[in-house]
1. Hey, got the Cα dimensions of region 301-466 along the principal axes, in Å, largest first?
2. Using only alpha carbon pairs under 8 Å that are at least six residues apart, calculate the relative contact order of the chain and give it in whole percent.
3. What percentages, rounded to whole numbers, describe P(r) for the chain computed over all alpha carbon pairs with 20 Å bin width beginning at zero?
4. Just to be sure I understand the model, the point goes 7 Å from the Cα along the line to the Cβ. What's the resulting residue 56 to residue 432 distance in nm?
5. On C-alpha positions alone, give me the angle between the axis of helix 377-389 and the longest principal axis of the chain, in degrees, nearest 10.
6. I'd like the orientation of helix 29-40 relative to the chain: the angle between its Cα long axis and the longest Cα principal axis, in ° from 0 to 90, rounded to 10.
7. To make sure I understand, if each residue's beta carbon is the centre and we count other beta carbons within 10 Å, what order do 385, 425 fall in, fewest to most?
8. Using a Förster distance of 45 Å, how high is the FRET efficiency between residue 283 and residue 43, based on the Cβ-Cβ distance and rounded to 0.05?
């Protein structure tokens, strides 16, 4: 929902600020402001202005008690609209007491206590436009006590069509233009949605979020880029997902040679999610929960990933580490060192940041080491799986060993060692399984990824159980 909050907040800013360049003339600022406001709405409806006054102390002009009625019943109220500094290039524009109502099937209500624009490039902009005006920039933007209520609107793939409410204590942005935002902070976000899709109806809250280097606002959503993302204290309670997240940090800027993410304390309330699920799905979900949590119904996940690249004269080097921990279930670590040759003529930083496929990337060897650790999950598997099949644990383990040998006959001794190691972990004979891979040189990565079953024949693989 964060992207919806960003779009709604920026749309509110563009709808509620004023900014069309005015040529310098001899009119008083009060006259210019009133004339510009009325000119904006001349063909769009009716506008009432209570009073326009100029401060005698500071260079400031204020319009009070504005009320606009559009041709389709839209209504906009502004208690105060204040321009400070040179009217042609204001120091700031401040709007107080904002209320925007849109009637009809997709009705909405938007309110905000204060909207402050720092160093806007203009003083007046068309309030009826639904997109950020071309060429308009602001040094900073602050919205206080923003509330948006909507009904009959598309809420995104997670919720489908429905109604809802979003409230934000404070939204602050810097370096805002038509296609990019240098930084955006949101604090005190709360919301609720009644939808009919994947997540259904529910509530959510987010204590704090910050985005840096957001680009591509004018293009498709899937092509937008960010340099950094930070989130703290996210809570979701919906028909299908009940979870809390302590923090998430994402570094998507590869221009400095590295990136990655850190996820801390993603707590999934599987017990409540099972109770909310359709009755026909609960048995399978309960069995999976018992395997993962040992019957507690509470699963905690932590993850940490870093990626780096080093550029050479003829090749680049990709290095990465990944650690995933499911509390009282399993641990997974991955360490990779891959020399590669990138497509001719590309800059490594730009290519890696925007890479959508492996086409043109040539692997020059390298290694990948992965370790799977048992933190409780494998010890629970035999009992639960044996009970579901109506056999003893001993018979289940014996059948699993036989299946491992069968995989070895079909796919080779390395695969047999892999599955035999997994059986050893279920039997309590091992607590870790490590896989060492030496990758083939002069191989197209896209070809390798397209045929994973052929990998054992093309690489060196060693499996160790501890």
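Every read-out reported here was derived from the displayed coordinates using simple, explicitly stated rules and does not represent laboratory data. Everything numeric in this text was worked out from a predicted model, so none of it was measured. In this analysis, Cβ positions are derived from the backbone assuming ideal geometry, glycine residues included, and neighbour counts consider all displayed protein chains.
1. 61, 36, 25
2. It rounds to 7 percent for the chain.
3. For the chain, the binned pair fractions read 19, 41, 28, 11, 1 percent.
4. Placing both labels 7 Å beyond Cα along the Cβ direction yields 8.1 nm.
5. Helix 377-389 sits at roughly 70 degrees to that axis.
6. 60 degrees
7. By the 10 Å Cβ count, ascending, the order reads 385, 425.
8. Result of the calculation: an efficiency of 0.10.
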